[in-house]
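Below: the structure, in structure tokens.
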Amino acid sequence: MARYVEDEACLHQRFEKLTVDDLVGTECFPCINEVILTKLMTEISDHIIDVDTITGAVEKRRTCAWYEPFENFYDGILQVANMQSFFKEHSAGFHTAEAKGIWKEYTESYYQMDTYYRLFHLSFQKSLETSNILLDDLFKHVVDKVEGLYTHWFLGELGNNWSDVCADELAAYGKVLEVPQQEEFYCSRIKTSDTKIFVIISDAMRYEVAAAMADQLRRETQSKVSLGSMQSIFPSITKFGMAALLPHKELTVELRNDILTVLADGQSTASGYRDKVLKSEDPASVALKYNDIIAMKRAERSALVKGMDVVYIYHDTIDEASHTSDTAVFAACDKAISELKNLVRIIVNEFGGTNILITADHGFLYTYSPLTEDDKVGKNEFYDVDRENVNDLKKESAKRCVEYGRRYAIMQKGVQPNYLLPVKFLDGKSDFGGFAPRESIRIKMNGGGMNFVHGGISLQEMVVPVIEYHYLRSDSMEYKRNKEKYDTKPVTVNLLSANHKISNMIFSLNFYQKDAVGANREAATYQVYFTDENGRQISDVQKMIADKTSDNGAERTFRCQFNLKSLKYSNTATYYLVIADEQELQMPQREPFQIDIAFAVDEFDFFS
């Protein structure tokens, strides 16, 4: 019916003449969302990104009627605003002089740009499933702007700074100095543990995905959660990363059927041999696969870990998705977080585990936009070989290059390819040398898989997350001492306006969210309305989504407009503002109000 009225009254064309500010508080017609989004998306496409206008509009619209059909578009442009805000903060570029300094900045704040990019593309992919003829093409123009901000500015500028400052250390040592190393994981984290420990290794779970999961674990479980990082071994690919996480004194490689095999103290580290490698260090160890555990009955899987001191569990949702389709990777990240949180619950509730480490073998680089030829380097461009015959060049390449991927190359020792940075390979104790392209450049190869890559030296590939999860039993001293700190509660909303007297049928009130969302405070949705002293509702219902994360109290405020029903109000009666938790987990707040309206609506009884 609303759509019929829109068409008959040409409302879309009429609303187009108004500004976003004029429209943002009106909700009765769906097309208002299309007009607002069209205006905002057009501005983004024209390189005008007003962060305050976008965030304010999304904040207002998400509590309005008709929001759901347009949710993906609003979520998408909100991430554009977040990216633009990050760009403004770092518009001078990245100029840190030390590799460990950039590492620290990335793990503390820069990684958030990767999160904004991932969340934008999740919204964009979902929008493709619910087509809107007026908005689809505009959203695709927004994608072009996002690619410019992320791929060309962020990955380009940060990648350039990182490549410059880490090059010498990687060439001389194969690692960044003063940063924890993946190869030391077992010795430093597992061997020193005096309690039973569970290790979850999620293939290709990069740092920003782990940061999102750590936040959720803190809020959703009774636990102490910390997020750290370590540098992945080079090349940052599965067979090397998985080997580095196993117990070993030395990692070596062997050429078997023209393929490099990674050995831990002479033993194969392929998936079928990892249990054996773990048991060689500690017989009370076991290597399991997530898919096997999930498919088992409770008694079966509990029997597998009984009596074990070290339990490694391998999870492969993200990397596996990349083999199906590059565009499936970000959706797989969300799925991985959900699966891993469930696995943590199984370990705690069924296995009695309290100490869990969650890590990865490597991260990944992902860009949605197609790469230009400038973003690639060909294998045959590696060498300064003067050959007229192309076949001779190919033979030379094959002889010198032992193994290569989109983001790395392993060469015979003594070779110095063009366009690639040298990385000391396995501490220099093998017959081979390692090399990687700068920034986010790919090495040309046949086949797909150009957009999702790993193996190189970018921060997104090399920064491996380490989540330390400690479940706190209710009777533990740590929990009893810090109960307030670990008990998760929804954030509360309070009335900010001091005046408790209403003199108009339509009026506005200010509210504030007492705590920021984070740690042990989770988001909540509230319904706010007025009642008389008998509890009868006398106004419309306003919705407040209290999910602000800012530490600045001024940024955690809300303004709601109320409409009283056409009734007679007594200036001597008490009326109540009710702030009710939508999930009914808290007692509703009731604030007394006086209503004193000079001419109540019903005094003019035109229809009697």
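About its Cα centre, the range 446-485 has a charge dipole of approximately 260 debye under the convention of +1 per Lys or Arg Cβ and -1 per Asp or Glu Cβ, with nothing else charged. Share of carbon and sulfur in the accessible area of the chain stands at 47%, probe radius 1.4 Å.
FRET efficiency for the K413 to D137 pair, using the beta carbon distance and R₀ = 56 Å, is estimated at 0.55. Taking a point 7 Å out from the Cα of E178 in the direction of its Cβ, the residues of the range 104-122 whose backbone N falls within less than 19 Å of it are 104-110.
Between N534 and K480, the distance separating the two model label sites (each 7 Å from Cα on the Cα→Cβ line) works out to 5.2 nm. Please compute P(r) over all alpha-carbon pairs of the range 480-608, binned at 5 Å starting from zero, and give each bin as a whole-number percent. Bin by bin from 0 Å, the calculated values are 2, 10, 18, 20, 16, 12, 9, 6, 4, 2, 1, 0, 0, 0. Placing unit charges on the Cβ atoms of the charged side chains and taking the dipole of the chain about its Cα centre, the candidate lying farthest along the positive direction among V453, F351, L496 is F351. Considering only beta bridges that DSSP places wholly inside the chain, some 75 percent are antiparallel. For the chain, the longest principal axis of the Cα atoms and the long axis of helix 136-147 meet at an angle of about 50 degrees.
Sorting S566, S232 on solvent-accessible area from highest to lowest, probe radius 1.4 Å, gives S566, S232.
If R0 is taken as 25 Å, the Cβ-Cβ distance between V51 and T488 corresponds to a FRET efficiency of 0.25. The tail of the calculated P(r) for the range 1-55 beyond 13 Å holds 59 percent of all Cα-Cα pairs. Helix 207-220: angle to the longest alpha-carbon principal axis of the chain, degrees 0 to 90, nearest 10? It is inclined by approximately 50 degrees. I'd like the FRET efficiency for D334 and S302, computed as 1/(1 + (r/R0)^6) with the beta carbon distance as r and R0 of 41 Å, rounded to 0.05. Here the calculated transfer efficiency is 0.90.
Computed over protein heavy atoms with a 1.4 Å probe, the accessible surface of the chain works out to 47 Å² per residue. Of interest is the spacing of the C-alpha centroids, which for the range 197-245 and the range 515-547 amounts to 37 Å.
Stretching C10 away from A97 to a fully extended chain increases their span by 25.4 nm, per 0.36 nm per residue minus the current alpha-carbon distance. Comparing C401, Y526, S85 along the charge dipole axis of the chain, the residue lying farthest to the positive side is C401, per the Cβ-charge model. A crude spin-label estimate for the pair T42 and D144, with each label 7 Å from Cα along the Cβ direction, gives 1.6 nm.
Between 0 and 90 degrees, the angle of helix 390-400 with respect to the longest Cα principal axis of the chain falls at about 90 degrees. Summed over qualifying helices (DSSP H, 4 residues or more, each -39500 (n - 2.57)) and divided by its residue number, the chain shows a 222 nm mean residue ellipticity of -10000 deg cm²/dmol. Ranking I200, F511, V286 by Cα position along the charge dipole of the chain, where only Lys, Arg, Asp and Glu carry charges on their C-beta atoms, puts V286 farthest toward the positive end. Rounded to the nearest 10 square angstrom, V58 shows an accessible area of 10 square angstrom against a 1.4 Å probe.
Counting only protein chain heavy atoms and rolling a 1.4 Å probe, the accessible areas of K196, K485, K224 rank, largest first, as K485, K224, K196. With all protein chains in place and ligands, DNA and RNA left out, the 1.4 Å accessible area ranks I346, I48, I294 as I48, I294, I346, largest first. A probe of 1.4 angstrom, applied to the heavy atoms of all protein chains, finds T492 with accessible area near 40 square angstrom. If each of L128 and K191 carries a label point 7 Å out from its Cα toward its Cβ, how far apart are those two points in nm? Each label point is offset 7 Å from its Cα along the Cβ direction, giving 4.7 nm. When the inverse distances between all different Cα atoms of the chain are averaged and flipped, the Kirkwood radius reads 27.7 angstrom. The solvent-accessible area of E339, taken with every protein chain present and a 1.4 Å probe, is close to 30 Å². Dipole check for the chain: with +1 at the C-beta of Lys and Arg, -1 at the C-beta of Asp and Glu, and the Cα centre as origin, the magnitude is about 1760 Debye.
Full extension of the chain between D21 and E59 yields a length gain of 12.4 nm, computed as 0.36 nm times the residue separation minus the alpha carbon distance.
The values are calculated or read from the model by the stated rules, or taken from the named source; none is laboratory data. Bear in mind that the values here come from a model prediction, so they are computed numbers and not experimental data. So basically every Cβ, Gly included, is an ideal-geometry build from the backbone, and we count neighbours across all protein chains shown. To get the accessible areas, we keep the full protein, side chains included, count just its heavy atoms, and leave off ligands, DNA and RNA. Shrake-Rupley method; radii C 1.70, N 1.55, O 1.52, S 1.80 Å.
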